[in-house]
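Working notes for the structure below.
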Amino acid sequence: MTAYFALGDTYRRLKILDSSLSYDNKGLKLSKNINNKKQVAYFLLNKGATLFDKKQYQTSIKTLKQALPDILKTKDNPNKAMLYFFLGRNKEVLKDNLKAVHYYKKVDSLFLIMKDIHPELRNGFEYLVKYYNNKNNTKQELFYINRLLNIDSIINTNYKFLSKKIVQEFDTPQLISQKNILIANMQLKEKNNKKIVIFSLTSLLLVIILYAFNYKKNKKRLNILLDSINKSEKKK
């Protein structure tokens, strides 16, 4: 069964997808025959990833969710992250953005525990950067740019043989440039906000002073008027 899993996974990464599915299905059949739920879950995970590559998104989601309960029972955080990643990828392609973000953030939570991540999962973090950029959420965008820079550092150290093969929308120089622009914009925005606050407080103070001046002026006129009325009453 281990050989079937290795072959299925290798063929998937080589994009020989029909062969990958063939070995996944053979492994599934054997695992079910001996009632090995854990092994069944692993073959379902690999099959779900292959179905994603074959653009069979709904079937991929269904297969991955079948694997989810037994994968979560293990202490195998790398494969938990892989499963959440492919659920996120399916939701991303299907334009279910909130669900995609939900699953990619679960990958991020596992990354914080592992302090390591397979290069294939990097795309999920690029998606989070783009998502928060589109939402004009500078704080979260900057957060995930920093996370991506951290991940790139780890990948370049731990996966040198794979790092050059990763398809990247954002490479390190682009991320650093984008990070610096965001920080500059945030600082400018903060400076402008301070100016607005100072202007607002100054305006409010002027309004209070004018109100107090007019109040005293009107009170003085009222007192003069009342005094005049009292004098008239006394003359009667």
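Values quoted throughout were computed directly from the atomic coordinates according to the rules given, and no laboratory measurement underlies them. Because the structure is a prediction, the values reported are computed rather than measured. Cβ atoms come from the backbone with ideal geometry, glycine included; neighbour counts cover every protein chain shown.
I need the trypsin sites (Lys or Arg not before Pro) found in the range 1-38, filtered to DSSP loop residues with at most 14 other beta carbons within 10 Å of theirs.
On the way: sites: R12, R13, K15, K26, K29, K32, K37, K38; in loops: K15.
Listed in order of number, the matching sites are K15.
Ordered by residue, what ³J(HN,Hα) values in Hz, to whole numbers, does the range 9-23 give under the Karplus form 6.51 cos²θ - 1.76 cosθ + 1.60, where θ = phi - 60° and Gly and Pro are x?
With coefficients 6.51, -1.76 and 1.60, one gets 5, 5, 5, 5, 5, 7, 6, 9, 6, 5, 5, 4, 4, 4, 6 Hz.
Can you grab the distance from the C-alpha centre of the range 79-111 to the C-alpha centre of the range 116-143, Å, no decimals?
12
Provide the per-residue ³J(HN,Hα) series for the range 118-134, in order, calculated from phi with Karplus coefficients 6.51, -1.76, 1.60 and θ = phi - 60°, each as a whole number of Hz, with x at glycine and proline positions.
After applying 6.51 cos²θ - 1.76 cosθ + 1.60, I find 5, x, 4, 7, 4, 4, x, 6, 4, 4, 5, 4, 5, 4, 6, 5, 5 Hz.
Apply 1/(1 + (r/R0)^6) to the Cβ-Cβ distance of R147 and I196, taking R0 = 35 Å, and write down the FRET efficiency to the nearest 0.05.
My answer for the efficiency is 0.65.
Could you give the length gained by full extension between Q58 and N134, i.e. 0.36 nm per residue of separation minus their alpha carbon distance, to one decimal place?
Residue separation times 0.36 nm, minus the Cα-Cα distance, leaves 24.8 nm.
For each pair in K47/K73; K65/K105; K55/K115; K65/K160; K99/K189, compute the distance between the two Cα atoms and list the pairs where it is over 21 Å.
Details: K47/K73 19 Å; K65/K105 17 Å; K55/K115 31 Å; K65/K160 32 Å; K99/K189 31 Å.
Distance filter (> 21 Å) returns K55/K115; K65/K160; K99/K189.
How much length would be gained if the chain were fully extended between K38 and D116, taking 0.36 nm per residue of separation minus their Cα-Cα distance, in nm to one decimal?
The K38-D116 span can extend by a further 25.8 nm.
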